[in-house]
Protein chains: 2
Amino acid sequence: MLKPMAIALVHYPVLDRRGDIVTSAVTNLDIHDLARLATTYNVSRFYLVTPAEEQQLLTSRIINHWQQGFGASYNPDRRQALDVLQIKNQLEDAVADWRDLNSGAGVAVLTGARHQNALGFSEARQLAAEQPVMLVFGTGHGLAPVLYMPERPCLEPIKSGGYNHLSVRTAAAIILDRLIGEDTVVSELNHSV
Amino acid sequence: MLKPMAIALVHYPVLDRRGDIVTSAVTNLDIHDLARLATTYNVSRFYLVTPAEEQQLLTSRIINHWQQGFGASYNPDRRQALDVLQIKNQLEDAVADWRDLNSGAGVAVLTGARHQNALGFSEARQLAAEQPVMLVFGTGHGLAPVLYMPERPCLEPIKSGGYNHLSVRTAAAIILDRLIGEDTVVSELNHSV
């Protein structure tokens, strides 16, 4: 039995292919793929993190289309999946909201290619049984170094060697399945929402 | 140690949301996500199955862009990933090619929501250790019933109950990780390619 879980998809600050810090564009498919993934694995929140106002508006329009617009009756599965989605300006806001929802508990676990001092998957599963974990995914070429902090442990990479260039969609799928699988995630947050 | 493996992404015959048989459109993101996934897990072939000539041309143009065009130098990771991709008219052609490459051995395992007589994941892993398995994924709302045949076992669904509406990209990621994980897939095909 795992504590409530969340995911966050960060669009700023992330790296581009040259290693510069950029704001990446919100992708329609990322929203749907991760929302459906979150709902399938009983994840309570999917925080979409971007400070760009026009990107927030775009995201709201996509959500609105599937929740109240034509899409709601056309495809109810998508409507249900998007219930978990919330837009936040920055990762700090997502972390604060997640901790609020869990009466002050909650830890952000960063995903990416970092090896040093990384949590193994079994350690991360253990952590998720003890605390409400928010898994943080970066778009573009990954989370900017400034997001790495002592209070935010990193998860080990999916593959220990060789070619390892998965999309954020497929990486998130593999990580949620490894951490949760057929286990039960507590869906009721301590704090009423 | 697993035998060589392949994946096939079928665009015809598949079901639409009403259950009618359709040809789905090839999606650029599917190509890249699955090619990178295949390369990460050492899968030898990614068969893109569509009988639609204009869709085959579109796919060839995408491959060409990343393998010989501007994309080849812009993003070598994508070039490497697309080495595994081959276009086939129908699933039978993909199966025939896969068996040719493996000196007549090889079995197609269908993925989807079918429960009856489905292989469990541990049985499927066992099969992949004994025979060159080709995992078959459907686009749209899944593989058409006509593709289900006695000689093509089905894999059990990813989740045993509840909401289960994953995209084909995320489902393929989870299935490859469950079957292969950190295991070694034989990358050298028996037959020279």
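Just so you know, all these numbers are worked out from the coordinates, no wet-lab data involved. Since we're looking at a predicted model, the values are computed, not measured. For neighbour counting, all protein chains shown are included, and Cβ atoms are generated from backbone atoms with ideal geometry for every residue, glycine included.
Between A:Glu130 and B:Ala105, the modelled labels are 4.6 nm apart [label points 7 Å from Cα along Cα→Cβ]. Pull up the cross-link candidates among the lysines for A:Lys159, meaning alpha carbon to alpha carbon under 25 Å and not fewer than 8 places away within one chain. Answer for A:Lys159, where 25 Å is the Cα cut-off: B:Lys3, B:Lys159, listed by chain and number. The mean sequence separation of alpha-carbon pairs under 8 Å and at least six residues apart, normalised by the residue count of the stretch B:1-97, gives a relative contact order of 33 percent.
Within the stretch A:109-141, name every residue whose backbone N is under 12 Å away from a label modeled 7 Å from Cα of A:Val186 along the Cβ vector. A:128-133, by backbone N distance to the label point. What separates the B:Glu54 label point from its copies, with the point 7 Å along Cα to Cβ, is 3.1 nm, written shortest first. Segment B:Arg61..B:Met149, full-extension length gain: 28.3 nm, with 0.36 nm per residue of separation and the alpha-carbon distance subtracted. Bridge orientation summary for the protein assembly as shown: considering DSSP beta bridges with both residues in this region, about 10 percent are antiparallel. For the segment B:177-188, counting C-beta atoms of other chains within 10 Å of every residue's C-beta and taking the mean gives 2. Normalising the average separation of contacting C-alpha pairs (under 8 angstrom, six or more residues apart) by the number of residues puts the relative contact order of chain A at 34 percent.
For peptide A:156-168, the mean count of partner chain Cβ atoms within 10 Å of a residue's Cβ comes to 5. Closest approach of a chain B beta carbon to the axis mapping chain B onto chain A (residue, whole Å): B:Ala173, 2.
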